[in-house]
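A.B. asks: Below is one structure. I have some questions about it.
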Amino acid sequence: MSVPEEIRELRAEIGRHNYLYHALDAPEIADADYDRLLRRLIELEAQQPGLVTPDSPTQRVGAAPLESFDTVPHRVPMLSLSNVFDDADLRAFDQRVQRMLGMEDSPIEYVAELKIDGLAVSLTYVNGPFTTGATRGDGATGEDITQNLRTVRSIPLRILGDPPPPLLEVRGEVYMTLAEFERINQERAERGEPLFANPRNAAAGSLRQLDASVTAERRLDSFMYALGYTEGVDVDTHWDILAYLRGAGLRTNRTSQRCDSIESVMGFCHEWHQKRRELPYKIDGVVVKVNSLRLQGDLGFVSRSPRWATAYKFPAEQKATRVLDITVNVGRTGAITPTAEMEPVEVDGSVVSRATLHNEDEIRRKDVRIGDWVVVQKAGDVIPEVVDVLKEKRTGEEQEFFMPVTCPSCGAEIVRSPGEAVARCAGVSCPAQLKEHVWHFASRGAMNIDHVGESLIEQLIRRGLVRDVADLYYLTRDQVAGLDRMAEKSAQNVIDSIEGSRNPTLARLIHGLGIRHVGRHVAKVVADHFGSLDALRQVSEKALSEVPEIGPTIAQSVAAFFGRPETDELLRKLSNAGVVPQQLQKVEAAADSPILGKTFVFTGALSSFDRKEAEFLVNRLGGKASSNVSRKTDYVVVGDSPGSKHDKAVELGITILSEEQFARMVGA
Ligand code: IVH
């Protein structure tokens, strides 16, 4: 196949997978296979740069930063919606619609949709390719944010259709998921940057970047729900529009529902008011639209809102409560996070008694004091947050918060580096940090070790059985069974789960290492790009920063992490425990191992290995480690001040190895 042909086929195939993934929510291939197609296309386009087109799936980022945004006129104005706040309002809306249409006796068909809390955008496609993307602006003209919208994966760079319509203006919402919002705020807190108040502001801030590479680092998402000006699109109802958009490869919200009466719309509103916290993004209500486009036309507009639609707004969840104390929590990187301990209060279905105050500066900015009455809400409906201090309720008894000087967990000094908002525990072996670290390592998104929960980790650390994450792999069933509230069976489960995690993907392992600024996504990017831990051990900050999606902060952090001797030590210990990322297994296979089937006994103190480690190493390479010397022993490895096992080996004429000889033999 010629290169231009292969390029064409790859684009079509990638386009199809984008459609399956984003529009239909039904991917057919694994992310890794998709990435492979994309990489192949990048490679071919590099060979033939003349064939690169702006709608190629490789062209999502890369534009130079702008000086300012141009303005774009909307061919059809972008309207806003009237609001209703309860069922009575909604019924009144329906009655008005019926009256104006002269349809008092027949129920109106509506479409009810979630009101996504993001930013309205308009996308223009001309004969297929995405040409312009704009904000709503004043409704008549918006800002040209094409470069930024190109970075949103669910916005296709080319519309599907055979042939695609000559002109298509699509309207919808760009938003940020709650998970992404949390990730970004956490990063910002660590860098001492001001936090985004909610996912909507975060999405807005991201779309208003003059440098699209910044937008690309914030993973935004989209749902399309309307048409603007179009040529060559034939639809009769709003429901048809949604089906059309989906077929064209755009992402639509699957919860949208056709309702045969306002009662049914009301049911939808109540249902989603209840269920809204199950969603991975924030909604602030339900949008209700008359389904028939003909009836929509008959109803028309009033000022800048259509008469055929309205927004049913959910009430905001806020409660007042008292701050009983401000405590500090030690994170995995030693970050000390002040937390408001509050009089428990029910906010929207769950009891809130703690809320993070992020850092000292945030506390000063909000002026939260111990004893204050505050207003709490759930940011993005999930994470409790102090939004306001009721200063008028102060009695004068309130106390200001001061950061403790020593770590509550290990007593080491707490330091705040110049320019950083975050104070950190300077302790090198702080149990609180270790606990968070192990917990993170074992978590679902990282090594995915079941049965290893908080209280187990606490005990393991308290008893000195776990001093770093690698120690998990050296635990025995008896050690675990000796812990509080631990039956034999559960101990076995713990050990089995740990065992079962020995061959994670490289991305999971990297994520689990808990490198600052490296979350799940970045871990995957790094893993895909470098392919092995060995490659990462030698990687330079420069090489890292050249990887797409890796900014300077991440590059610096990753390079520093892998450059540390403690990291080397930890990786060696993990590898010796048989923790080998999947990609590397083949290399490590024991087929041509020099010690296959050989039995080893260790005696005396080893200086460069821990005994357990050496035993695992032997096992992994297909040998056997035993604790007794017998005629079946092949080698006895002697360390410092060996005991009777050494004598016995001499007596039986068994080969004796020094630690160095052993190390050479196993290639360690
Ligand atoms: S339709 C003429 N549908 O809500 C109708 N809007 O307050 C225009 N929004 O500016 C909007 N989800 O940003 C519509 N499913 C949805 C929506 C939605 C969120 C936003 C949109 C609009 C605002 C109106």
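The values are calculated or read from the model by the stated rules, or taken from the named source; none is laboratory data. Nothing here was measured: the structure is a model prediction, and the numbers come from that model. As a convention, Cβ positions derive from the backbone with ideal geometry for all residues, glycine included, and neighbour counts pool all protein chains shown.
A.B. asks: So which of 327, 321, 339 ends up being more than 16 Å from the ligand (Cβ to nearest atom), of a type outside the set (Asp, Glu) and closer than 20 Å to residue 183 by Cα? Walk me through how you get there before you give the answer.
C.D. replies: Working: 327 fails: closer than 20 Å to residue 183 by Cα; 321 fails: closer than 20 Å to residue 183 by Cα.
Being more than 16 Å from the ligand (Cβ to nearest atom), of a type outside the set (Asp, Glu) and closer than 20 Å to residue 183 by Cα holds for just one of 327, 321, 339, which is 339.
A.B. asks: What single numbered condition from (1) within 16 Å of the ligand (Cβ to nearest atom); (2) of a type in the set (Asp, Glu); (3) at pLDDT 95 or above fails to hold for residue 109?
C.D. replies: Against the list (1) within 16 Å of the ligand (Cβ to nearest atom); (2) of a type in the set (Asp, Glu); (3) at pLDDT 95 or above, residue 109 comes up short only on (1).
A.B. asks: Filter segment 312-337 down to residues that are part of a strand (DSSP E or B) and small (Gly, Ala, Ser), then give me how many there are.
C.D. replies: Adding up the residues that qualify gives 2.
A.B. asks: Which number in (1) in a loop (DSSP other than H, G, I, E, B); (2) under 25 Å from residue 192 (Cα atoms) marks the one condition that residue 436 misses?
C.D. replies: Result: residue 436 passes all but (1).
A.B. asks: Right, something else. Could you figure out which of (1) in contact with a Leu (Cβ under 8 Å, 6 or more places away or on another chain); (2) surrounded by 17 or more Cβ atoms within 10 Å (Cβ to Cβ); (3) free of Cβ contacts under 8 Å to residues at least 24 places away in the same chain isn't true of residue 554?
C.D. replies: All conditions pass for residue 554, except number (3).
A.B. asks: Looking at segment 94-102, can you tell me whether even one residue there is within 15 Å of the ligand (Cβ to nearest atom) and either polar (S, T, N, Q) or on the phi < 0 side of the Ramachandran plot (or both)?
C.D. replies: Applying the first criterion (within 15 Å of the ligand (Cβ to nearest atom)) to segment 94-102 yields 97.
Right, trim to either polar (S, T, N, Q) or on the phi < 0 side of the Ramachandran plot (or both) and you get 97.
Yes.
A.B. asks: Could you list all residues from segment 76-124 that are over 30 Å from residue 249 (Cβ atoms) and acidic (Asp, Glu)?
C.D. replies: Passing the criteria: 86, 87, 89, 94, 104, 105.
A.B. asks: Return the residue satisfying two criteria in turn: it lies in segment 169-211 and is surrounded by fewer than 16 Cβ atoms within 10 Å (Cβ to Cβ), more than 20 Å from residue 61 (Cα to Cα) and small (Gly, Ala, Ser), and of such residues it is nearest to the chain's Cα centre (by Cα).
C.D. replies: This residue is 197.
A.B. asks: Do you know which residues across segment 473-516 are without any contact (Cβ under 8 Å) to a residue 40 or more places away in the chain, of a type in the set (A, V, I, L, M) and not in a helix (DSSP H, G or I)?
C.D. replies: Within segment 473-516, 475, 483, 486, 487 meet the criteria.
A.B. asks: Scan segment 77-99 for residues that are at pLDDT 95 or above and more than 25 Å from residue 275 (Cβ to Cβ) and jot them down.
C.D. replies: Passing the criteria: 92, 95, 96, 97, 98, 99.
A.B. asks: Within segment 528-545, how many residues are over 20 Å from residue 470 (Cα atoms), among the hydrophobic types (A, V, I, L, M, F, W, C) and not in a loop (DSSP other than H, G, I, E, B)? If you could, list the steps in order and put the result at the bottom.
C.D. replies: Restricting attention to segment 528-545, the residues satisfying the condition of being over 20 Å from residue 470 (Cα atoms) are 528-531, 535, 538-545.
If we keep only those that are among the hydrophobic types (A, V, I, L, M, F, W, C) too, we end up with 530, 535, 539, 543-544.
Applying the additional criterion that residues be not in a loop (DSSP other than H, G, I, E, B) yields 530, 535, 543-544.
Number satisfying all stated conditions: 4.
A.B. asks: Moving on. Quick one: count up the residues across segment 180-203 that are within 16 Å of the ligand (Cβ to nearest atom) and not in a loop (DSSP other than H, G, I, E, B).
C.D. replies: Restricting attention to segment 180-203, the residues satisfying the condition of being within 16 Å of the ligand (Cβ to nearest atom) are 198-203.
Retained after the next criterion (residues that are not in a loop (DSSP other than H, G, I, E, B)): 199-203.
Qualifying residue count, segment 180-203: 5.
A.B. asks: Can you tell me how many residues in segment 118-139 are within 16 Å of the ligand (Cβ to nearest atom) and in contact with a strand residue (DSSP E or B) (Cβ under 7 Å, 6 or more places away or on another chain)? Give the derivation first.
C.D. replies: Residues of segment 118-139 within 16 Å of the ligand (Cβ to nearest atom): 118-123, 133-139.
From the residues that got through so far, the ones that are in contact with a strand residue (DSSP E or B) (Cβ under 7 Å, 6 or more places away or on another chain) too are 118-123, 133-137.
Of the residues in segment 118-139, 11 are within 16 Å of the ligand (Cβ to nearest atom) and in contact with a strand residue (DSSP E or B) (Cβ under 7 Å, 6 or more places away or on another chain).
A.B. asks: Can you list the strands (runs of 3 or more DSSP E) lying wholly within segment 41-152 that have 3 or more residues being under 36 Å from the mean Cα position of the chain (by Cα) and buried (at least 20 other Cβ atoms within 10 Å of the Cβ)? Walk me through how you get there before you give the answer.
C.D. replies: Working: elements: 71-73, 82-84, 110-116, 119-126, 130-135, 141-143.
Because the criterion is at least 3 residues that are under 36 Å from the mean Cα position of the chain (by Cα) and buried (at least 20 other Cβ atoms within 10 Å of the Cβ), the strands (runs of 3 or more DSSP E) in segment 41-152 that meet it are 110-116, 119-126, 130-135.
A.B. asks: Out of segment 299-328, which residues are more than 30 Å from residue 359 (Cβ to Cβ) and surrounded by 16 or more Cβ atoms within 10 Å (Cβ to Cβ)? Walk me through how you get there before you give the answer.
C.D. replies: To start, the set of residues in segment 299-328 that are more than 30 Å from residue 359 (Cβ to Cβ) comprises 299-315.
Selection gives 299, 306, 307, 308, 309, 310, 311, 312, 313, 314.
A.B. asks: Among the residues of segment 383-397, are any closer than 30 Å to residue 576 by Cα and assigned to a helix (DSSP H, G or I)? So that I can check it myself, show each step before the final result.
C.D. replies: To start, the set of residues in segment 383-397 that are closer than 30 Å to residue 576 by Cα comprises none.
No, segment 383-397 has no match at all.
A.B. asks: List the helices (runs of 4 or more DSSP H) inside segment 204-305, counting only whole elements, that have at least 1 residues being within 16 Å of the ligand (Cβ to nearest atom), more than 25 Å from residue 126 (Cα to Cα) and β-branched (Val, Ile, Thr). Steps first, answer last, please.
C.D. replies: Details: elements: 212-217, 238-247, 262-275, 293-299.
Because the criterion is at least 1 residues that are within 16 Å of the ligand (Cβ to nearest atom), more than 25 Å from residue 126 (Cα to Cα) and β-branched (Val, Ile, Thr), the helices (runs of 4 or more DSSP H) in segment 204-305 that meet it are 262-275.
A.B. asks: Would you be able to tell me the number of residues in segment 611-657 that are aliphatic (A, V, I, L, M) and in contact (Cβ under 8 Å) with a residue 40 or more places away in the chain? Can you show your working first?
C.D. replies: Of segment 611-657, the ones aliphatic (A, V, I, L, M) are 614, 617-618, 621, 625, 629, 636-638, 649-650, 652, 654, 656-657.
From what's left, in contact (Cβ under 8 Å) with a residue 40 or more places away in the chain: 614, 617-618, 621, 649.
So the count comes out to 5.
A.B. asks: Now a separate question. Being under 28 Å from residue 569 (Cα atoms) and part of a helix (DSSP H, G or I) narrows it down to one residue among 614, 649; which is it? If you could, list the steps in order and put the result at the bottom.
C.D. replies: On the way: 649 fails: under 28 Å from residue 569 (Cα atoms).
One residue alone meets the criteria, 614.
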